[in-house]
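Visitor: So that we are looking at the same thing, I have put the structure below in C-alpha cells.
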Amino acid sequence: MNRQGWRSTASYIALLAGAYVVAVAGAAIFARQLDNFAYDFMFRLYEPKPWRTQSAILAIDGRTLQQFGGMESMRRPLADALRSVAAALPKAVAIDVILADRRPEPEANAALAEALRATPNLVLSSELLSDGWEDPLPEFAAAAALGHVSAQPDKDGITRSIPLQKAAGRVARWALALEAFRLSRGVKQIVESPDDIQVGSTIVPAPRETTRGTNRDGNRPMRIRFVPYNMPEIPRVSVKDLLANPALAGTFAGKVVFVGVTDVTQVHDGLQTPLSPEIQTPGIEIHANAFETLAQGLFITDVGFGWVLLFSLALVAAVGLSFRYLPGWWAYAGGAAVLAAALVTPYLFFVHRLVFSFATPASVAWFGTLAAAAYYHLVVRRNWRIEQAARTRYQQAMQFVTHEMRTPLSAIQGSSELISRYALTEEKRKQIATLINSESKRLARMVEVFLSVERLSAGQMELKRESISVKQMAALCVERAGPLAERKHIAVALEPISEDLVLTGDRELMEYACYNLLTNAIKYSPQRTQVKVSARLHDAHLRIAVEDQGIGMDQKEVKQIFQKFYRTKKAEESGESGTGIGLSIVQQIVEQHGGTIEVTSQPGVGSCFTVVLPAAAPVPESSAAERN
C-alpha cells in the first residue's frame, strides 16, 4: 500500500474511532432510559416456557376491607384466615402488613398473636424508615422471621427489580420474598459472597453494590421474572371468600402464601411492572413474583459493560470493513446487517435471561454506519471524478494527436514516399531529409508539450521557472507560422517589442500557446488580410495580443470558445481542419502561469486574443537557435 493509501486508511480508521467515541458518550446520556424501554418491550415480547407456580396470595381486597370496616378492623378476620391457612399446611407464610402499632382491641391483638404463633415458617414485614426499622410488635414477631418490603421502583416509576437486602446502621434485613424462600427450603442461614448469595443449593446472582469505592451491606438488586401472559396468574383467594368458604384453604396447600392488601385504590400501594406498565400492581404481587423468580431459578442477570463496549467495537469494525471492501449496494447491505445485529442482539441475550445494553450498541451501529457510508460516498465520488478526469484527458490526448500531429506526420509520410518511389538527385534527397528531420523534431516538441500539459492538469508536474524574452518568443512564432501565412497570402506584422519585456515560466509551453493563437488567426482569416502580433507592459502585466481580420465571432460564441471540442459554425464552414481543443490547451497553459486570456471579436470584422501575464525582470537576450 502506498503512502496515499495508508493516509486514506488512517483517516478512515480515525473517523470510525471518532464515531465510536461520540456514540458511546452520546448513548451514556440516554442509556438508562433507552435500555429500560428496550427491556420492558422485550419482557412483553418474549414468553418463556410456562412453569407451575409455587406461591399463592391471600388477598385483603376491596370487598374484604368493605365488609370488615377497613384496615383498622382487620386483625380479627386476619387471625381467623391464618388459622385456615395454617390448617392447609403451607410451606411458608409471608405477611406484607405492618403490625407495629397497638390497637385498642386486646382480644383481636391476642387472637392475631396466637394465630401467628401457630403459622409455620412465618415471615413478617419490616419497613425501613428514615430513623431506622419499623418492626412488628414483640408479641406478633415472637416466632417469626423479619423481611423488608421495599420495592424501590426505577426513576420512571416501574419496578423491575427488588433489593434483596436493606440495611440501617448495623441492622440488615433480607427481602420478604427471600426470607419466605429460605424458610420454604428449610435453610437456616443465607451464605453471602461479594457476587452472589446462596440459599441451600440455590445460588442467586445478586452482587453487592459498591458506592463511592466502598462496599456497603445493602441492596443486592435482583431482577424479577414476572409471571408471563402465557400461563395462569398466581392463585389468589380473598380473606372474605376464605372466611365464607374455609374449603378454599386447599389452594394454599404446599404453597408459599403471601398475605397483603391488593386494593391499591385504598392503601395507595400500587406499583408498575415491565409486564403491565399501565396497570397498578399491588406490592404483595411484586413479592410473590420475586419469590417465583427465586423458586424457579429464573434469574435475569446483567452483562458487564465491558462486554458491551467490546461488542460495540466489533460492530463499528464490521461496518467499517463492509464499506471498505464490499462493492456498491453490498456495502450498504453490510451496514444494514450490522444495524440489525445491534438491534437483535439484546433480544437474543434476553431469551437466555441476560440483559445486554441496547442503547450503546444501537448508537454505535448508527453512528458508525453513517460515518462509514458518508466516507464511502465521498471516496467513491472522488474516485469517480478522478476516473472521469483520466478518461477525459485520454480522449483529449487522442484528439490532440489528430489535431496537432497531422501536419508533421503528413510531411514525413509524403517525403518518405518521394524518397522510396522516385530516383531523386542527391541535392533533392538532402532537402527531403532535412525536411523529415525538421518535422520529426517538431513532432517531438508537440509530444513533449502535450505530455507537459497533461501532467500540469493532473497536478503531477511543476512549471519550469525560466526567464523568457517576449520579443524573441514572438519572433520565433512568427517565423514558424510564415509558410502557412504565405500559402494564404496573409501578411503577419510583428510590431516592435521592447527588449525589457520578460515573463517567467515554461518556455516550450508558452511558445506553444502563442504559436497556436497565431496559427488560428491565420487559418480563420481570408486571403490577403493581415494578422498583427504585439506586446506591451500595462499595470505590471504583459499583454501579448494576436489580432486578425478574420471571420470573427458573436458574444455567445466568445463565451464558449474555450470549451473543449467547441467550434463555431463559421469555423466548421471554413473547411479548415480542427477539433476544438487547441484553445482549451492554450487556456490551461496560460492559467498555469497565473494569467488570463481576453477576447474581443465581431463577426466579419475579426478577433483579438490577448494573453495577460505577470511581468518579470528583464534578462539578457538569447537566440532561438540556442534553445533548439
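No lab work stands behind these numbers, since they all come straight from the coordinates. Keep in mind it's a predicted model, so treat the numbers as computed, not measured. Virtual Cβ from ideal backbone geometry, glycine too; neighbours counted across all protein chains shown.
Visitor: With all pairs of different alpha carbon atoms counted, what Kirkwood hydrodynamic radius in Å does region 54-144 show?
Guide: 13.8
Visitor: Express in nm, to one decimal, how much length is gained between ALA444 and THR600 on full extension, taking 0.36 nm for each residue of separation and deducting their alpha carbon distance.
Guide: 52.8 nm
Visitor: In nanometres, what is the gap between the two model label sites at LEU15 and LEU45, each 7 Å from Cα along Cα-to-Cβ?
Guide: About 3.1 nm, to one decimal.
Visitor: Rounded if a/c is under 1.5, else prolate if a/b beats b/c, else oblate: with a ≥ b ≥ c from the C-alpha gyration tensor eigenvalues square-rooted, which is region 463-622?
Guide: Here region 463-622 falls in the prolate category.
Visitor: Okay, next question. With charges only on Cβ, +1 for K and R and -1 for D and E, what is the dipole size of the chain about its Cα centre, in debye, rounded to 20?
Guide: Dipole of the chain, to the nearest 20 debye: 1620 debye.
Visitor: Percent relative contact order of region 140-250, based on C-alpha pairs within less than 8 angstrom and at least six residues apart?
Guide: 21
Visitor: How high is the relative contact order of the chain, in percent, with contacts defined as C-alpha pairs under 8 Å that are six or more residues apart?
Guide: 12
Visitor: Still on this structure, I have one more. Using 0.36 nm times the number of residues separating ALA247 and TRP329, minus their current alpha carbon distance, what extension gain do you get?
Guide: So the chain would gain 22.5 nm between ALA247 and TRP329.
Visitor: Which ordering of VAL149, VAL379, VAL261 is given by a fewest-first count of other beta-carbon atoms within 10 Å?
Guide: The fewest-first ordering by Cβ neighbours comes to VAL379, VAL261, VAL149.
Visitor: The chain: longest stretch without exposed GluC sites (Glu not before Pro) (DSSP loop, at most 16 other Cβ within 10 Å), sites themselves excluded?
Guide: Segment 1-208 is the longest.
Visitor: Go through region 143-241 and name the chymotrypsin sites (Phe, Trp or Tyr not before Pro) that are in a DSSP coil and have 12 or fewer other Cβ atoms within 10 Å of their Cβ.
Guide: TYR229
Visitor: Among GLN563, LEU122, TRP174, whose Cα projects farthest towards the positive end of the dipole of the chain, with charges put on the beta-carbon of Lys, Arg (+1) and Asp, Glu (-1)?
Guide: GLN563
Visitor: Separate question: Rank the residues LYS556, LYS255, LYS430 as a footprinting-exposure proxy: fewest other Cβ atoms within 10 Å of their Cβ go first.
Guide: Starting with the residue having the fewest Cβ neighbours, the order is LYS556, LYS430, LYS255.
Visitor: Oh, and also: Suppose R0 equals 35 Å; then what is the FRET efficiency for GLU192 and ARG63 from their Cβ-Cβ distance, rounded to the nearest 0.05?
Guide: Approximately 0.25, to the nearest 0.05.
Visitor: If you don't mind, another one. Taking a cut-off of 20 Å between Cα atoms, list the lysines near LYS532, but don't count ones fewer than 8 places away on the same chain.
Guide: Hits, sequence-local ones excluded: LYS471, LYS488, LYS523.
Visitor: Past the 44 angstrom mark, what percentage of all C-alpha to C-alpha distances in the chain do you count?
Guide: Within the chain, distances greater than 44 Å cover 55 percent of Cα pairs.
Visitor: Can you give the FRET efficiency for ASP156 and GLN388, using 1/(1 + (r/R0)^6), R0 = 41 Å, r = Cβ-Cβ distance, to the nearest 0.05?
Guide: 0.15
Visitor: Shifting gears a bit: Give the lysines reachable from LYS91 as a straight Cα distance under 28 Å; neighbours fewer than 8 places away on the same chain don't count.
Guide: LYS91 reaches LYS49, LYS166, LYS188, LYS240, LYS255.
Visitor: What residues have an amide H closer than 5 Å to that of VAL227, excluding those fewer than 5 places away on the same chain, when H is modeled at 1.01 Å from N in the peptide plane?
Guide: Here nothing satisfies the definition.
Visitor: Loop-only check: which trypsin sites (Lys or Arg not before Pro) in region 514-553 are DSSP coil with at most 11 other Cβ within 10 angstrom?
Guide: Those satisfying the criteria are ARG528.
Visitor: Excluding GLN527 itself, what net charge comes from residues whose Cβ is under 10 Å from its Cβ, given Lys and Arg +1 and Asp and Glu -1?
Guide: +3
Visitor: Based on the Cβ-Cβ distance from GLU573 to LEU484, what FRET efficiency comes out when R0 is 25 Å, to the nearest 0.05?
Guide: 0.80
Visitor: Considering Cα pairs under 8 angstrom that are at least six residues apart, work out the relative contact order of region 98-188 and quote it in whole percent.
Guide: Relative contact order here is 26 percent.
Visitor: Also, I was wondering about something else. In what order do MET510, MET222, MET42 fall by count of nearby beta-carbon atoms within 10 Å, going from fewest to most?
Guide: Lowest to highest Cβ neighbour count: MET42, MET222, MET510.
Visitor: With charges set only on the Cβ (+1 for Lys and Arg, -1 for Asp and Glu), what does the dipole of region 463-622 come to about its Cα centre, in debye to the nearest 20?
Guide: 400
Visitor: What does the helix-only formula give at 222 nm for the chain: each DSSP H stretch with n ≥ 4 adding -39500 (n - 2.57), the total divided by the residues, and the result rounded to the nearest 500 deg cm²/dmol?
Guide: Theoretical 222 nm ellipticity from helices: -16500 deg cm²/dmol.
Visitor: Along the charge dipole of the chain, pointing to its positive end and built from +1/-1 on Cβ of Lys, Arg, Asp and Glu, which listed residue (ALA141, ILE95, PHE358) has its Cα farthest out?
Guide: Towards the positive end, the residue furthest out is PHE358.
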